[in-house]
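The structure appears right after this line, and notes come after that.
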Amino acid sequence: MAPFILIVILVIVGVLTYLYSTSTRKFYVCQECGERMRTEHGSASHCNTCGASLNGPID
Ligand SMILES: [Zn+2]
């Protein structure tokens, strides 16, 4: 019985970690060159490809 409970706890922790990383992820599209960028944490202010300033995350 104990190993089963341990597996359930690990799955719950994994799902919560996944949901947290998804909620902090931001998606950008450069207005100048159309480059798509994704950030895991924080925010991007400039395009990695052409250096143009970004307006903000899409979602
Ligand atoms: Zn760009």
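Things to note:
- Selected residue [loosely packed, with under 12 Cβ neighbours inside 10 Å and either charged (D, E, K, R) or touching a His at 6+ places or on another chain (Cβ under 6 Å) (or both)] from Glu40, Glu32: Glu40
- Which numbered condition Leu19 fails, given (1) out of contact with any His (no Cβ under 8 Å at 6 or more places or on another chain); (2) near the ligand (Cβ under 9 Å from one of its atoms); (3) of a type outside the set (Lys, Arg): (2)
- A search for C-beta distances below 9 Å between a residue of segment 33-59 that is closer than 23 Å to Ser23 by Cβ and within 9 Å of the ligand (Cβ to nearest atom) and any residue that is outside any loop (DSSP other than H, G, I, E, B) and not hydroxyl-bearing (Ser, Thr, Tyr), counting only pairs 6+ apart in sequence or on different chains, returns Met37/Lys26; Met37/Phe27; Met37/Val29; Asn48/Met37; Leu54/Val29; Leu54/Met37; Leu54/His46.
- Close pairs (7 angstrom Cβ cut-off, 6 or more residues apart or separate chains): surrounded by 10 or more Cβ atoms within 10 Å (Cβ to Cβ) in segment 1-27, charged (D, E, K, R) anywhere: Ser21/Glu40; Thr24/Glu40; Arg25/Arg38; Arg25/Glu40; Phe27/Arg38; Phe27/Asp59
Throughout, read-outs are computed from the coordinates displayed, never taken from laboratory work. Everything numeric here is computed off the predicted structure, so don't read it as measured data. Counting neighbours? That spans all protein chains shown, and the Cβs are built from the backbone with ideal geometry, glycine included.
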